[in-house]
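In what follows, a structure is listed as structure tokens, so that the remarks can point back to it.
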Amino acid sequence: MQRREFLSLAGRAGVFIAPWALIPEAQAQSYSGRILVNIHADGGLDQSSWTDPRESDRAINSYAAAGTPAGVAGNIRFAPMGNNAAFFNAHFRNMLVINGVHSETNDHGGGARAHATGRLDAGYPNVAELHAATYGKGLPMAWLNAGGFRTSAGLMPATPVPDANAFRALSQPNAASATNDFMKQADVTRTQAVRAERMKALMARGDVLPRSKIAMQEFIDAADSRALLARVAQVTPATFDTFTQAHIALVAGLAGLTTTVQLSTGGFDTHSNHDNSMTNALPRLTNLVDYIWQKSAELGIANRLFVRIYSEFGRTALNSGNGKDHHEVGSQILMEANAPWGNRVFGLSGPKHQGLKISPSTAKEDAAGFVLKPRHIHAAMRKYLGIETTDPRFNLKVPAAEMFDLFNPALSTGYVTM
């Protein structure tokens, strides 16, 4: 398969293949490091239906009116809604709950950008993009995207998660179906070997023009990328699970093609009939996250995942339509298998989910402290993931005095009685 044939196939499949994946300066090699998984709860996830419950205020929650107490898993409290109980009881040891996060906006677009990049301002890289640019140069699908904020800051373009057929076609271009090939694979392999030898022989000649030599070198390097994609064929299942995008992304991670994936699930913009909407939206979210952990364990890569669950902002108390409107303060969750920093809560909000100042050194409420914002979380994540950048264009502008040590297992805010 020639380089242009490879790119043509990728284009027809709707998949962007980074150009440096096929050039000499960045030979494609299998990636075996940490895989960053971002899950965007689209619409503005209500923190009080999630990790920051208010069980005594009927103006905020209908479960308070019913006298239903919040659930408790380890050190984490959760709302008695959806299938939260099963989810938190299964995963609390591996999660850090961050409450009282002020998005600095209650606009969907601005909030999605702020939580994806760390800044409300435009022009900053998505944390997924930064992770891919740090660890994924040369990979065909360094940053897989299936929703959420995807605008590139110029470091690394996002690759849409392909559908099952396109994904299989990229890794097995000779496969007419799951059981039949277009040509005998032995003939294809023999042809590829002959082409490769011919190219090497031409490269060794002294009368080849520089421009032709570049083209031949690109052909040789494309074979390296093809070999990497062949790795996908070895781990691609005959069928994909119901959570197809997540399954494809995990297989790509197993094959070493990607460093990060961005997924999304919606239904959280609950301006009316809040509880009915949460009955469907919350299980979709928790089932997706639960699937990711179960499937990654099955594939043997659970110890490589770092999972972040976030939304644009939080939600207000109940309105006249039993819904909840946009509110700047919300919550998010960070997860990692066997995390020494797990089973903790960092940050808190007031009785009506107001943003409260927290001390960076103690993680407790402190009038001299700072309100948690996306930039604080991203600064801590950049350091933890090893993706800090010295590029002044992407400086999060977090002063040293405001650096929260989120991953210090000795620091915890806990919950206050509301």
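Quick note: the coordinates plus some simple rules give every number you see, no bench work behind them. Quantities reported herein were computed from a predicted structural model and do not represent experimental measurements. Note that we place each Cβ from the backbone using ideal geometry, even for glycine, and neighbour counts take in every protein chain shown.
Scoring 192-205, 122-135 by mean Cβ neighbours within 10 Å over their residues and listing the highest first yields 122-135, 192-205. Listed by chain and number, the lysines whose C-alpha is less than 24 Å from the C-alpha of residue 137, apart from same-chain residues fewer than 8 away, are 213, 383.
Among 345, 416, the order by Cβ neighbours within 10 angstrom, fewest to most, reads 416, 345. Give the shape of the stretch 293-418 as rounded, prolate or oblate, defined through the alpha-carbon gyration tensor: a ≥ b ≥ c are the square roots of its eigenvalues, a/c under 1.5 means rounded, and otherwise the shape is prolate if a/b is larger than b/c and oblate if not. Because a/c hits 1.5 or more and a/b fails to exceed b/c, the stretch 293-418 counts as oblate.
Between the beta carbons of residue 408 and residue 187, assuming R0 = 56 Å, the FRET efficiency works out to 0.40 to the nearest 0.05. Our estimate of slack between residue 244 and residue 231, defined as 0.36 nm per intervening residue step minus the Cα-Cα distance, is 2.7 nm. On full extension, the segment bounded by residue 66 and residue 93 gains 6.8 nm, given 0.36 nm per residue less the C-alpha separation. If the limit is 27 Å between Cα atoms, which of 352/397; 295/397; 364/397; 295/352; 295/357; 324/397 go over it? Table pairs above 27 Å Cα-Cα are 352/397; 295/397; 295/352; 295/357; 324/397.
Taking amide H as placed 1.01 Å from N in the peptide plane, residue 315 has its amide H under 5 Å from the amide H of 47, 48, 327, each at least 5 places away in sequence or on another chain. Placing a pseudo-label 7 Å from each Cα along the Cα-to-Cβ vector at residue 322 and residue 57 gives an inter-label distance of 2.1 nm. Annotation for the stretch 110-149 versus the stretch 271-286: alpha-carbon center distance of 27 Å.
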